[in-house]
1. Residues in the range 157-180 that are part of a loop (DSSP other than H, G, I, E, B) and surrounded by fewer than 17 Cβ atoms within 10 Å (Cβ to Cβ): how many?
2. In the range 149-165, what residues are among the aliphatic types (A, V, I, L, M) and closer than 13 Å to G189 by Cα?
3. What tally of residues in the range 62-98 results from selecting those that are touching a residue at least 12 places away in the same chain (Cβ under 8 Å), surrounded by fewer than 16 Cβ atoms within 10 Å (Cβ to Cβ) and among the aromatic types (F, W, Y)?
4. Criterion first (under 18 Å from the mean Cα position of the chain (by Cα) and under 22 Å from F171 (Cβ atoms)) does V133 satisfy it?
5. Being part of a helix (DSSP H, G or I), under 30 Å from G120 (Cβ atoms) and over 16 Å from the mean Cα position of the chain (by Cα) is true for just one of F61, F32, F81. Which residue is that?
6. Failed condition for G148, given (1) in contact (Cβ under 8 Å) with a residue 12 or more places away in the chain; (2) surrounded by 13 or more Cβ atoms within 10 Å (Cβ to Cβ); (3) of a type outside the set (A, V, I, L, M, F, W, C), with all others met?
7. Where residues in the range 35-58 are among the polar types (S, T, N, Q) and in a helix (DSSP H, G or I), which of them is surrounded by the fewest Cβ atoms within 10 Å (Cβ to Cβ)?
Amino acid sequence: MEIFILILEIIGTVAFAISGAITAIKKRMDIFGICVLGLTTATGGGIIRDLILGITPPSTFRDPVYIIVAISTSVVTFLPFVRRYFEKKHTLLELLLLVSDSAGLGIFTVVGAKIAVDAGFGDNGFLVVFVAVLTGVGGGVMRDVFAGDRPYIFVKHVYASASIAGALVCFLLFYLVPALPEYVSMLVGFVVVMTIRFLAARFRLNLPRP
């Protein structure tokens, strides 16, 4: 299970680092800004999660693999031939941003739920879901604030709501079906997040506005 969690977190780190780096490139930041935004997007939610759960220092600082992966991914995204390719393929760039952001959201949401349960809060559904959602959206909020944008979760495609739904499904499976392997519960929660995100993007769904 630890290896499964590590693999998920590495994939999520790469996905969110791409999302942050692309946002920084669109804002015409330099290489340092791109690395900072990629790193912040990839690790911000996990740091917030660990602080809330009392896990100190946060895992990001205890295991440098996440920082190394995030910065390496940001640098690769910055490379001229990679940058030029996606600048010419605007539709592909937007698709990559959607997929990477959604994958990172789904992965970190279910990982956040699992870590909250492992920390001894498995009987507190509100805390598990709250921490899971913060893990999923925290890095993206920090990315948008650093980039000078209104946080994505407040304006685009049922973003935080997808995370809430996935976290809730994941927790209910943990709590109501304890015989089900935890990785199955996590995969189901991840699929719920991705499905909602893609449907919202495909049909341009948003929550009601005034």
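The values are calculated or read from the model by the stated rules, or taken from the named source; none is laboratory data. Predicted, not measured: the structure shown is a model, and the values here were computed from it. Note that we place each Cβ from the backbone using ideal geometry, even for glycine, and neighbour counts take in every protein chain shown.
1. First, the residues of the range 157-180 that are part of a loop (DSSP other than H, G, I, E, B): 157-158, 177-180.
Next, only the ones that are surrounded by fewer than 17 Cβ atoms within 10 Å (Cβ to Cβ) stay: 177-180.
Total satisfying the criteria: 4.
2. Within the range 149-165, A162, I164, A165 qualify.
3. Result for the range 62-98: 0.
4. On the way: under 18 Å from the mean Cα position of the chain (by Cα): yes; under 22 Å from F171 (Cβ atoms): yes.
Yes; evaluated as a whole, the condition is true for this residue.
5. F61
6. (2)
7. To start, the set of residues in the range 35-58 that are among the polar types (S, T, N, Q) comprises 40-41, 43, 56.
Restricting the remaining residues to those that are in a helix (DSSP H, G or I) gives 40-41, 43.
Values: T40: 25, T41: 34, T43: 27.
Restricting to residues being among the polar types (S, T, N, Q) and in a helix (DSSP H, G or I), the top hit is T40.
Per-residue answers, yes or no, for (1) of a type in the set (F, W, Y); (2) under 20 Å from R49 (Cβ atoms); (3) at pLDDT below 95; (4) touching a Leu at 6+ places or on another chain (Cβ under 6 Å):
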{"residue": "A103", "(1), (2), (3), (4)": "no, yes, yes, no"}
{"residue": "F108", "(1), (2), (3), (4)": "yes, yes, no, no"}
{"residue": "G122", "(1), (2), (3), (4)": "no, yes, yes, no"}
{"residue": "F130", "(1), (2), (3), (4)": "yes, yes, no, no"}
{"residue": "G136", "(1), (2), (3), (4)": "no, yes, no, yes"}
{"residue": "V169", "(1), (2), (3), (4)": "no, yes, no, no"}
{"residue": "Y175", "(1), (2), (3), (4)": "yes, yes, yes, no"}
{"residue": "P210", "(1), (2), (3), (4)": "no, no, yes, no"}
